[in-house]
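So the structure is just underneath, and the comments pick up after that.
The values are calculated or read from the model by the stated rules, or taken from the named source; none is laboratory data. On a predicted model such as this, the values are computed, not experimentally measured, just so you know. Neighbour counts are summed over all protein chains in view; Cβ atoms, including those assigned to glycine, are modelled from backbone coordinates with ideal geometry. Ligands, DNA and RNA are excluded from the accessible area calculation, which covers all protein heavy atoms including side chains. Shrake-Rupley method; radii C 1.70, N 1.55, O 1.52, S 1.80 Å.
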Amino acid sequence: WQGSEVEIAGVTFRTPVVNGYARPVVVTPAVPEVEIPVGLEGSQVHILGQVTLPAGYPVVGRRGEAVAVYSLRYASGKSREIPLRNGYEVAQSNLIAVATRIDPQATEAQRVLVFTKDVVREQYQVLLYSFSLEGGELASLRCQLRNQQSALAIFAITVEPA
């Protein structure tokens with residue numbers, strides 16, 4: 001889509017933009033890790049994305065299989081890992097597989113955006129995954145892909161003030 005801002009339930013998410021179009025951060029088998037500086041304190045983190053490209057669960061992989069892991073690094077030096085699993089925190093982005101309409105869902109992340117590039121073969125979802133922080137400033141969030149999985153897209157991250 002065009003532009004960098006998307007408002008969801010009164011919260012503004014700002015996505016990276018290239019040539020006027022939203023471009024997510026994508027963790028791939030070729031670049032299996034990314035660290036995103038955050039530098040904010042709050043009660044919850046909200047991540048817009050949580051989808052695999054070009055394929056993923058339920059077309060590829062098993063429910064509960066680890067796709068990636070988030071490593072939270074706090075300014076205090078404390079860290080925490082959050083696994084990202086097929087069907088729980090992550091699902092396939094495209095709502096069409098080959099010529100079949102599918103409904104890829106993740107029980108812990110809700111569908112908040114649907115983008116239709118081509119009604120016949122390109123209908124994409126973007127999920128919202130939220131989790132609580134354990135207190136203190138979140139210095140960074142690192143995402144590591146596991147086991148040569150499909151690419152994982154992260155469109156935006158925001159921290160809800162405490």
Worksheet item: Is there any pair with a first residue in segment 120-136 that is over 20 Å from A109 (Cα atoms) and of a type in the set (G, A, S) and a second that is at pLDDT 95 or above and open to solvent by 30 Å² or more (accessible area, probe 1.4 Å) whose Cβ atoms are under 6 Å apart and which are 6 or more apart or on different chains, and what are they?
Response: G136/S76
Worksheet item: Which residues, counting only those in segment 82-98, are surrounded by fewer than 21 Cβ atoms within 10 Å (Cβ to Cβ) and either without any contact (Cβ under 8 Å) to a residue 12 or more places away in the chain or among the basic types (K, R) (or both)?
Response: V98
Worksheet entry | Members of segment 12-25 that are open to solvent by 60 Å² or more (accessible area, probe 1.4 Å) and touching a residue at least 60 places away in the same chain (Cβ under 8 Å) | R14
Worksheet, complete the sentence: Only unsatisfied item for Q44, checking (1) farther than 27 Å from Q148 by Cβ; (2) of a type outside the set (A, V, I, L, M, F, W, C); (3) without any contact (Cβ under 8 Å) to a residue 24 or more places away in the chain, is (3)
